[in-house]
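The values are calculated or read from the model by the stated rules, or taken from the named source; none is laboratory data. None of these values were measured; they are calculated from a predicted model. Cβ placement follows ideal geometry from the backbone for every residue including glycine, while neighbour counts extend to all protein chains displayed.
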Amino acid sequence: MKLKQPFYLLVDIVLIIVSLLAAFSLRFGTDVALYYFRMFLFLLPLSIVAKLAIFYLFGFYSQLWRYASLKEGLRLFWGISVASLLILGILYFIQRPDTPRGIIVIDWLLTLGLIGGSRFLARARKDIVFKPSAKEQKRVIIFGAGEAGSMLVKYMQRHPDKGYAPIAFLDDDPAKTGMMIHGIKVVGGSRLLPTIMSDHPADEVVLAIPSADRKDRKRVALACKELGIPCKTIPDISELVDGEASLLQIRDIDPKELLGRKEVEIDLRDTIKRYEGKVILITGAAGSIGSELCRQVISLKPSKVIATDVSENGLYHLDEEMSGWLDEEAPLFETHIMDVRDPSAIDRLFFEFKPAIIFHAAAYKHVPIMEKHPLEAMENNFFGTQNLIEAAKKHGCERFAFISTDKAVKPTSIMGFSKQLGEKTIKLAASKSDVTKFMAVRFGNVLGSNGSVIPKFKRQIKSGEAVTVTHPDITRYFMTIHEAVYLVIQATAMGEGGEIFVLNMGEPVKIIDLARSMIRLFGLEPEKEVPIKITGLRPGEKLYEELFAEEETVNTTRHPKIFQVLDDFNEAQAQKFLDKLEVLVKSQDKHELMRFLNENRLIKV
């Protein structure tokens with residue numbers, strides 16, 4: 001066991017000396033005979049060595065005593081008791097029956113008081129000496145004086161550094177009015193909130209009652225809104241009450257905490273002129289990137305935002321979200337079901353709305369699934385992109401941004417290859433267009449996106465499963481959805497046509513380190529409380545991704561987080577290859593398609 005707190009070791013030595021000296025003084029008075037003084041000098045080193053050895057074995061010097069509980073208190077008691085019994089045993093073994101047994105008993109009591117007291121001070125120090133002032137804390141009224149509310153208040157009181165100071169309870173059970181819970185009074189029911197607020201001014205109201213129905217929650221929230229006070233709730237509070245979750249799980253996991261670097265600062269003011277008054281079309285709008293594009297482009301003052309996706313359910317939820325916070329002065333926002341594989345549907349929508357700017361985020365993206373369905377991947381990701389490009393040229397759109405991925409660099413999967421084809425198609429379209437500015441934006445993984453590792457890790461940790469990682473050395477580039485979309489918008493605004501922009505993703509992150517960080521954010525210990533299981537690389541999966549190919553030249557742009565890559569693009573060769581591939585996909589011959597890709601060494605099969 002490693003010695004982690006040497007300070008306590010020094011304190012204990014002093015207290016052991018004081019304890020033994022006090023025991024002799026209490027037993028014999030201040031005038032100690034020479035015989036007993038020699039006995040004291042004999043017992044002192046024995047007592048120090050024996051007690052420190054037992055204390056070390058009982059883990060006294062590897063415990064964070066400011067978080068000690070009754071369990072640690074019992075460990076103190078037994079450790080000190082065993083040390084005293086050991087001293088008695090040694091005295092018996094070396095045949096020193098002349099040592100008064102009263103000395104050992106008094107020393108045991110004094111050691112228990114002094115050593116235990118020193119640890120108690122460490123435990124109480126956090127709450128007494130270093131307790132933040134009221135000015136540094138938010139005054140909170142808790143709605144719900146039940147078990148959940150009791151746990152929440154206790155947590156706030158034990159962790160004042162979190163910045164919350166509970167000042168009162170609300171509860172609609174009249175029998176609880178006037179009662180005290182952890183020193184906090186139940187001052188009345190929720191309907192008396194305006195009156196209570198005048199007597200107990202607070203900064204927030206927190207709902208902590210699992211049994212409250214939606215109607216009551218809404219009523220309290222509206223009352224808080226009228227009073228101009230924030231109303232918050234505790235997610236999964238019933239799990240806390242049942243003991244199924246840790247108190248550290250009160251807050252949700254913020255993906256930014258897992259990024260390992262500072263998130264890109266968002267400022268879209270300089271790009272507004274590119275988008276203001278324009279009709280913006282977003283494909284794949286129900287997905288993680290597409291929905292975040294919808295949220296951010298609204299602030300650019302377009303005349304209208306058209307959100308399209310093949311997922312009816314996804315569009316429904318997006319429409320509900322957007323309509324919930326858009327005001328009457330916001331740009332028009334419409335959702336439309338559209339399959340990018342259907343040229344007729346695309347043409348109808350372009351004819352009706354005449355979009356000026358297109359963000360093409362629609363794609364099949366799950367690597368293992370696309371390995372099983374190569375024709376479907378090509379039809380959606382390759383043909384779908386071609387269909388949209390043709391419509392954009394036909395209707396004279398101003399800008400077209402294709403959302404690419406680092407999997408397009410030296411692809412080993414069908415999904416990555418389909419995205420590489422998208423980039424080539426974009427460059428080919430740009431070389432033939434004098435009206436529409438075509439460009440692609442390439443980046444790595446986004447934290448918290450649908451189907452990514454973060455939601456999977458959260459589900460596995462909450463359900464008590466092992467966290468699964470495909471390989472101990474697998475790495476990926478990560479950024480948050482918010483910053484990735486911001487940079488996509490910036491790149492699209494600065495593009496002049498034909499560019500492949502690459503976002504600065506920072507350093508790659510080991511997935512196993514990400515898993516460990518995720519587990520710790522839940523207040524648990526990786527590999528001990530939550531096992532990590534290595535499952536092996538999946539079909540088409542690479543050990544590491546790359547943002548740039550070897551043959552590409554990397555140039556900076558006027559934005560420090562956006563690069564541009566250049567290569568020797570042969571227009572005629574690219575057109576010939578794409579035409580051949582189109583014939584193979586339309587033939588629906590999966591085996592011939594795979595043979596062609598393998599022969600061209602564009603994927604590993």
request  = Run down LYS456, LYS437 and say which single residue is of a type outside the set (A, V, I, L, M, F, W, C), assigned by TED's automatic domain parsing to the domain that holds GLU541 and crowded, with 18+ Cβ neighbours inside 10 Å.
outcome  = LYS437
note = Only one of ILE512, ILE532, ILE519 is β-branched (Val, Ile, Thr), within 17 Å of the chain's Cα centre (by Cα) and over 19 Å from GLY444 (Cα atoms), namely ILE519
query = Scanning the range 256-286 for residues that are more than 13 Å from GLU483 (Cβ to Cβ), surrounded by fewer than 24 Cβ atoms within 10 Å (Cβ to Cβ) and in contact with an Asp or Glu (Cβ under 8 Å, 6 or more places away or on another chain), which turns out modelled with the lowest pLDDT?
reply = GLY260
task = Taking only the range 522-553 into account, find how many residues are more than 20 Å from GLU507 (Cβ to Cβ) and either in contact with a strand residue (DSSP E or B) (Cβ under 6 Å, 6 or more places away or on another chain) or outside any loop (DSSP other than H, G, I, E, B) (or both).
result = 8
request  = At least 1 residues that are modelled with pLDDT of 95 or more and among the acidic types (Asp, Glu) in each: list the helices (runs of 4 or more DSSP H) lying fully within the range 365-418 that qualify.
outcome  = 384-394
remark   = Matching residues in the range 1-38 (of a type in the set (S, T, N, Q) and at pLDDT 70 or above) number 2
note = Across the range 477-532, the tally of residues that are over 30 Å from ILE298 (Cβ atoms) and either touching a residue at least 60 places away in the same chain (Cβ under 8 Å) or not acidic (Asp, Glu) (or both) stands at 22
Single match in GLU465, GLU483, GLU423 (criterion: more than 21 Å from ILE357 (Cα to Cα) and acidic (Asp, Glu)) = GLU465
